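The values are calculated or read from the model by the stated rules, or taken from the named source; none is laboratory data. It should be emphasised that the depicted structure is a prediction, and the values quoted were computed from it without experimental measurement. Glycine also receives a Cβ, built like all others from the backbone with ideal geometry; neighbour counts cover every protein chain displayed. Remember, those area values only see protein heavy atoms, side chains included, never the ligands or the DNA or RNA. Shrake-Rupley method; radii C 1.70, N 1.55, O 1.52, S 1.80 Å.
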Amino acid sequence: MQFITVTSVNLDTHTTSLGDYHQLNQKNYVPALKTESGDFMTECAVILEYISHQSPLPLMADYATEQYWQQRM
């Protein structure tokens, strides 16, 4: 089982316990996900798809099926 660490962002000052959030995410909005390789993902749809592929359970439908597109609406 993998665990994640959640760090909150002060949206008024754009800071975290790690420092300036803008340095982590130039788009300067939440969310951002740091992968095991150290890369940051900053798009909601991409983050959700990445998380679903990390799960042993089928959380997303197969690509380009009707159910896949419904999940992305």
For Ser8, what accessible surface area do you get with a 1.4 Å probe? Give it in Å², rounded to 10. 90
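Quick one: if the Förster radius is 30 Å, what FRET efficiency do Gln23 and Ser52 give, using the C-beta to C-beta distance and rounding to 0.05? Walk me through the numbers on the way to the answer.
Numbers: r = 28 Å, r/R0 = 0.93.
For Gln23 and Ser52, the calculated efficiency is 0.60.
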Just Asp20, Asp62, Asp12 to compare: in a GNM of the chain, with alpha carbon springs under 10 Å, which one fluctuates most? Asp12
Can you compute the charge dipole magnitude of segment 1-64 about its Cα centre, using +1 on each Lys and Arg Cβ and -1 on each Asp and Glu Cβ, nothing else charged? Give it in debye, rounded to the nearest 20. 100
From Cα pairs below 8 angstrom and at least 6 apart in sequence, can you work out the relative contact order of the chain, rounded to a whole percent? 13
Can you pull out the GluC sites (Glu not before Pro) in segment 35-73 that DSSP calls coil and that have at most 13 other Cβ atoms within 10 Å? Glu36, Glu43
Just the accessible area per residue of the chain, please: how many Å² with a 1.4 Å probe? 83
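Once neighbouring chains are kept in place and the probe is 1.4 Å, which whole percent of the accessible area of the chain is contributed by carbon and sulfur? Let's see the in-between values first.
Working: 3440 of 6070 Å².
That fraction is 57 percent.
Where in segment 1-38 are there chymotrypsin sites (Phe, Trp or Tyr not before Pro) that are in a DSSP coil and have at most 10 other Cβ atoms within 10 angstrom of their Cβ?
Working: sites: Phe3, Tyr21, Tyr29; in loops: Phe3, Tyr29.
Sparse-neighbourhood loop chymotrypsin sites (Phe, Trp or Tyr not before Pro): Phe3.
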Just checking my list (i) 14.0; (ii) 13.7; (iii) 16.1 against Kirkwood radius over Cα pairs in Å computed from this structure; which label fits? (i)
Where labels lie 7 Å past Cα in the beta-carbon direction, separation of Phe40 and His14 in nm: 1.1
